[in-house]
Structures are given as structure tokens and as C-alpha cells.
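The values are calculated or read from the model by the stated rules, or taken from the named source; none is laboratory data. The shown structure was predicted, so the numbers you read here are calculated from the model rather than taken from an experiment. All Cβ positions, even for glycine, are placed from backbone atoms using ideal geometry, and neighbour counts span all protein chains on display. SASA here: full protein model, heavy atoms, side chains in, ligands and nucleic acids out. Shrake-Rupley method; radii C 1.70, N 1.55, O 1.52, S 1.80 Å.
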Amino acid sequence: MFKQFPGKGLSREEVISRLREMKHDDIDWKRGRVFSLVFYPGDEAANVVHEAYLMYSMENGLNPAVFKSLRKMESEVVAFAADLFHAPETAVGNMTSGGTESIICAVKAAKHYARTSKNLKGAGNIVMPESAHPAFNKAADYLNLEVRTIHCGTEGLEPDLTQLRSAIDDETVMVVGSAPAYPHGHIDPIEELSEIALEKNVWLHVDACVGGFIIPFLELSGVTMPVFDFRLKGVSSLSADIHKYGYGPKGSSIILYRDAEKRKMQFFVYSKWSGGLYISPTVAGTRPGGAIAGAWAVMNFLGKEGYIKMAQATHDAVKKIQQAINEQDEISLVGNPLTTVFSVKSSGKIDIYRLGDALTERGWHTDRQLKPPSLHFTVNYVHVNFAEEFIKDLKECIQQMKSLSLSNLGENIQQQLLKTAVKVLPESWIKKMSSRSIENLPQNTGTPKTAPLYGLAGELSGSGTLDEMIIDLMENMSKPAKE
């Protein structure tokens, strides 16, 4: 039976105690153990964010006429971002709950803009590199758009601009460039994309959700960076997550447009409702006031000077980790990442996913990637004091994998059998194997073994079987609690 709704309420002390108990098995991100998901500016800045969030935790940004302070804070955050990204005086924007919502807003605006400015008749399409974030595919799914994916070379880095140019037609509502693309930290050739956008009269969106609040500060600290923002005339919109390198609270992102005519297409209005006039600027209706206040607070607390200092320290930690990686014969960097986002692949001597599992056993979380098989790292300020500790564990894990042991031999045989099985066994059998791989990912306790799952995923990439496997995984992880 389902876990029953609480009858009598608990005391404050009991509630907090239970929260602490549940949190016990979560990863220790304050000690730099997570190379994604959490961005932490240190206790002093975080306390400012927490205080601001708490002050506005019950307020709602849905109606800007009611909470005037939230409207003022949002407008200032948008202005700060417009200044940072060299936007023209005509620029406008909004805060959203995250990169995915920012991207959905931009795609909606681009589609509706194409209807009015280009007389779009069909469903429309998006042209984007294969390394672009799946949030664009999600937006296309919601908004009934075709996605035309551009090949990005053997390692998914540089997009084929000839193919991209030829993919654009009268039905294209948006071209996408990333700064950087999440998988490997590669910055797309935004300058060339801007030229193509101007030539083809098509909307160019720059996805700077990851890099938007680190690249400008690296540039201000003296690191050479490609131009990716509104300095390029072909850029119509840009998204950047404040809750990443802006170090704001989770649920704070920004979408910017070159002018108000484009941003208007983002809005939703319904004036026939019996409840009165309804207008919503973004996808969300209710908009948490705490996220807006926290973002405003951290930007004012750190200022450019604080962000530059943190960017420099983070960049130094990245270079230290990358140097250690380059000294290992068994692994190497994918491409030539310029920012604080990068990935690591195997040179063929070890299984990269098993290396990820070995690091997980020591408490380090890294995302697994498929093309090429690699581990992903997004290094931020929280990792500055733990770079040496990570390097030590990384080297020891590599040596551990090279050692002769029954465990290593068994896992190697299992990986090879899985890869062979995918090629020769019926699809129904593969689905059963997939289910067993999913079962190896415990929901609440234990150390998951992801190498079998990702070994299968690499062989099945792009297939319906893999899609079903991932859906089953999500279903397995999000079932209602039972007694």
C-alpha cells in the first residue's frame, strides 16, 4: 500500500531530524564530490543567497504588479546580464526556472516570430549541432518542430558548417550554437553561425546556460575566449543559467532577446477566461520569489570583482586537473576545451565507465557520456580546495584498474559479452538484459555499477530499445513510496 498521508503533524525538531536522516546518504557535494548538478560559491556568499531566498520563499513572481520588489529585482538581474553579454539598449529578457525553460521560451518565441516575419506555413524546424542540449529536442517535441541535427566530427565537437548551411530552409525557425556545449566543453563557432544567420535571415540562439556566467569573467581576467554574445549581430537570443556559474539558487536562469518584438512572442495571453485576464511571460505560472531574490542578492554581493576572483581560482584548478590527466597514458581529454567544462576518454587501455565506477566507490560523481565514451567534468568554485585530493584518487583508481584481479577480469568479460550480445541476440533478449542493468542502480543505498548499463547504451545509441530502457529507468526511480 502507498505510504499514508501524515495524520498528526510532527514537531519542528522531528521534521528536521528526519530531513537530516534522509540527507545522510546523499553525496557530499560540499567537499567537491560532484562534477555537475551543484555550484557552490562558498559559505559566505551562500549564506547571503539563503537569507534572501528565505525572505521571499512565500512570494510569487506571477503578478509583477503585486510584488513590486520582485519586479525590480528581476529587471535589475536582466540588466546585469544584458551588460555582461554586451546586449544593445533594445535588449529585454526574463528570469526563468532553469536552462530548459529558458530554451523552451526562446524556441516558442522563434517559432511565433517566424510565423509573423517569415510567413511560416508549415510546422517549422530547428537546425543544431548534435552536441546541443536535449532541451532543444524537448522544446521541439512540445512545440511540434522538426529537429535537423548536424554532424560534429568523430568526437562530437566541431559542427559541419557546410551541412548546417544546407539544412537551413524557409521552414527553419532557429539555428543553435552552444558556448560551450555541455558534453565536452567545446565552444561552437558562434561568429560563423552569426554570419550564416544574417545571410539566411534566420534566428540564432546561443545556449550559454553552462558558460554564460564563467566565460565573460575568464575573459575579464585575461583568458582569451571566443566572442559568443550580442557583440555578434546575428545573435537573436541567449540563455544563461544563474544557478550554475552565477552561483544563484536552484531555479534561476535568464533568457535575453535582442529586442522587444522578439521577446513578445515568448508571452502567453488569454483574455476569454471567466477568471479575468491571464498573461504569463514564461512557461511557468507561479514563479518562486526566492529564486529571483537569491539571484539578485548573489550578483550584488559578489560583483564583477568577486566573480573574476572565483573564475580565476576555478580555472587554475581546472588546469591542475587537466595537467594530471595529460600525464596519464590510460586517459586523455576530449578535444581542446577552453573553459571549466571538459570530458575524459580512454586511450584504449582501460574501460572509461569502469573508471567512473571506481571513482564513484571513492565518493566522486562524474556524468557518463556516449560519444565518445567518456566521463564529464564541470569544475566550479567548490572544487578549488579539493583538486589535489581528486587527482590522487584518480591516479589510484587507474592503477587499480590495471591490476590483475579476478574482479577486473570478471568485469572485463561481462563488458565484452554485453557488446557481443547486442549484435547477435534478439531484441526481446536485449530488453531483459537492459532491465537487469537497471536493477544494478539502487534507488536509495549502495554504490551503483553503471559500466554494464553504459556499455549497453553505447551499442544501442539512438535505438528504440535504448529509449525504452531509459524510460524504464526513470519509471523505476520515481515510483510512489510504499509502506
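Here are some notes:
- Scalar couplings 3J(HN,Hα) for the stretch 338-351, obtained by applying the Karplus form with A = 6.51, B = -1.76, C = 1.60 to θ = phi - 60°, are 9, 10, 9, 10, 7, 9, 10, 10, 8, 7, x, 8, 9, 8 Hz; x denotes Gly and Pro.
- With Cα atoms defining each centre, the stretch 148-218 and the stretch 335-375 are spaced 24 Å apart in the structure.
- With at most 14 neighbouring Cβ atoms within 10 Å, loop trypsin sites (Lys or Arg not before Pro) (DSSP) excluded, longest segment of the chain: 350-483
- Of all accessible heavy-atom area on the stretch 149-218, the percent that carbon and sulfur account for (1.4 Å): 48 percent
- Cα centroid separation, the stretch 40-104 to the stretch 235-258: 9 Å.
- Rg and Dmax, both from the Cα atoms of the stretch 65-213 and both in Å, are 15.8, 53.
- Per residue, the convex hull around the alpha carbon atoms of the chain comes to 188 Å³.
- Under-5 Å amide H pairs with Val147, H placed in peptide plane, nonlocal only: Ile126
- In the assembled protein chains, Asp259 presents an accessible area of approximately 40 Å² (probe radius 1.4 Å).
- Counting only alpha carbon atoms, the long axis of helix 190-200 and the longest principal axis of the chain meet at about 50°.
- Segment Ser347..Ala123, full-extension length gain: 76.3 nm, with 0.36 nm per residue of separation and the alpha-carbon distance subtracted.
- Dipole size of the chain about its Cα centre, with +1 on Lys/Arg Cβ and -1 on Asp/Glu Cβ: approximately 1060 debye, rounded to the nearest 20.
- Its DSSP H runs of at least 4 residues, each contributing -39,500 (n - 2.57), put the calculated 222 nm mean residue ellipticity of the chain at -14500 deg cm²/dmol, to the nearest 500.
- Radius of gyration (Cα atoms) of the stretch 184-322, expressed as a multiple of 2.2 N^0.38 Å: 1.25.
- Excluding ligands, DNA and RNA, the accessible surface per residue across the chain is 50 Å² with a 1.4 Å probe.
- Working note: Debye formula, equal point scatterers on the alpha-carbon atoms of the stretch 282-416, no solvent; log10 I(q)/I(0) at q = 0.09, 0.10, 0.13, 0.18 Å⁻¹ is -0.38, -0.45, -0.67, -1.01.
- Once the Cα atoms are used to define both axes, helix 43-55 deviates from the longest principal axis of the chain by about 50 degrees.
- Charges were assigned to the Cβ only: +1 to each Lys and Arg, -1 to each Asp and Glu. The resulting dipole of the stretch 100-257 about its Cα centre is roughly 620 debye.
- Under 21 Å from the Cα of Lys371 - lysines, other chains or at least 8 residues apart: Lys138, Lys345, Lys349, Lys419, Lys423, Lys449
- If the segment from Glu396 to Arg71 were pulled out straight at 0.36 nm per residue, it would be longer than the present Cα-Cα gap by 111.8 nm.
- Overall form of the stretch 18-92 per C-alpha gyration tensor (a/c, 1.5; a/b vs b/c): oblate
- Proximal lysines relative to Lys272, as straight alpha-carbon distance under 25 Å, when same-chain residues fewer than 8 apart are discounted: Lys108, Lys111, Lys262, Lys264
- Within a straight-line Cα-Cα reach of under 16 Å, Lys118 can be paired with the following aspartates and glutamates, leaving aside sequence neighbours fewer than 8 residues apart in one chain: Asp169, Asp170, Glu171, Glu199, Glu261.
- Across the chain, the relative contact order, built from alpha-carbon pairs under 8 Å that are at least six residues apart, equals 19 percent.
- Scattering profile of the stretch 196-253 at q = 0.17, 0.22, 0.25, 0.28 Å⁻¹ [log10 I(q)/I(0), Debye over alpha-carbon scatterers]: -0.62, -0.87, -0.99, -1.08
- Selection from Gln266, Phe390, Tyr353 lying farthest towards where the dipole of the chain points positive, charges on Cβ: Gln266
- Once backbone amide H atoms are built at 1.01 Å from N, Thr172 has Asn125 as its partners under 5 Å, excluding neighbours fewer than 5 places away on the same chain.
- For the stretch 271-336, carbon and sulfur atoms together expose 52% of the accessible surface, with a 1.4 angstrom probe and every protein chain in place.
- Whole-Å semi-axes of the stretch 30-142's equivalent ellipsoid (Cα gyration tensor): 31, 22, 14
- Rounded to 5, the percent of DSSP beta bridges in the chain classed as antiparallel: 60 percent
- Mean separation of Cα contacts under 8 Å (6+ apart) over length of the stretch 103-177, as relative contact order %: 41 percent
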